[in-house]
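Heads up, the thing below is written out as structure tokens.
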Amino acid sequence: MEKRRATRAITRRLRLPLAAILGALVAVSATAAAEELHGNAQLLTKGGKGLAGESDVSQAVVYFEPAGTAPPRRSEVPFEMVTRQKQFLPRVLVVPRGARVRFPNRDPILHNVFSVSPGNPFDLGLYRTGPGKEQKLERPGLVRVFCNVHHSMVAYILVLDTPYYTQPGSDGRFTLTGLPKGPGRLTVWHEQADPWTIDLRLPTSQPISARVEVVRPRIPAHLNKTGQSYFRSGRDRYDQP
């Protein structure tokens, strides 16, 4: 009896290290099975006859959507898009569905951040320098962000249902890592272009060449939050502290 008890105790002590070893092996195996995707994105002039030198390819977003369900990448900490010197920083922000985004004001003037994008409209109202206000973005898609005071203030938030995304370097090169094997769709998004997409199956050793045609100006034509023109007498009355 005593011998059997001692044997059981030794077995119980061995179980935890064995489980840890097996867990580590599974993790290593999963890492080894993860795929990479390399490529280059180029921004071309309208008509595709040359490079669009005035457009910033590093502001593009490259993302992969596997055919199956992608594991969500949640964050309890809100993302930030700051207003500074009458600009949104960053100009392009990628967040998961359900993320909260805060809009701190770092200018000595009033701003009114808003969006009329379908699925995620919001209006934060006028507010001064400080930590800013927050908005939760519930639906995947593109959120165009404007200031109701300053027409030139434009930014974009991509709300994605996939954790597999990156932004190219200034030379257009990009790498996506940790991708699952199998079919999926790769998208290259840029604010001045229509989304470029390709269906593919991983693994693939072929680098991706995305030639994206610029069709829109950097500051798109848009109205204020009430659907009226910015260019009316007295529109910039909130410029002063």
Qualifying residue in the range 172-187 (condition: basic (Lys, Arg) and in a loop (DSSP other than H, G, I, E, B)): yes
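Considering only residues that are in contact with a strand residue (DSSP E or B) (Cβ under 7 Å, 6 or more places away or on another chain) and either charged (D, E, K, R) or modelled with pLDDT under 95 (or both), which ones fall in the range 167-178? Break it down into steps so the answer makes sense when it comes.
Applying the first criterion (in contact with a strand residue (DSSP E or B) (Cβ under 7 Å, 6 or more places away or on another chain)) to the range 167-178 yields 167-168, 172-177.
Once the filter is applied, which keeps residues that are in contact with a strand residue (DSSP E or B) (Cβ under 7 Å, 6 or more places away or on another chain) and either charged (D, E, K, R) or modelled with pLDDT under 95 (or both), the range 167-178 yields only ARG173.
Taking the options ARG97, ARG84, name whichever one is touching an Asp or Glu at 6+ places or on another chain (Cβ under 7 Å), open to solvent by 50 Å² or more (accessible area, probe 1.4 Å) and modelled with pLDDT of 95 or more.
Details: ARG97 fails: modelled with pLDDT of 95 or more.
Every option except ARG84 fails the conditions.
Select, from PRO90, PRO78, the only residue that is closer than 27 Å to HIS222 by Cα and open to solvent by 10 Å² or more (accessible area, probe 1.4 Å). If you could, list the steps in order and put the result at the bottom.
Details: PRO78 fails: closer than 27 Å to HIS222 by Cα.
None of the other options fit; the residue is PRO90.
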Filter pass, GLU76 being of a type in the set (Asp, Glu), touching a residue at least 24 places away in the same chain (Cβ under 8 Å) and farther than 30 Å from GLY182 by Cα: no
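The values are calculated or read from the model by the stated rules, or taken from the named source; none is laboratory data. None of the values given here were measured: they were computed from a predicted structure. Note: ideal-geometry Cβ built from the backbone for every residue, glycine included; neighbour counts use all protein chains shown. Please note that ligands, DNA and RNA were not included when accessible areas were found on the heavy atoms of the full protein model with its side chains. Shrake-Rupley method; radii C 1.70, N 1.55, O 1.52, S 1.80 Å.
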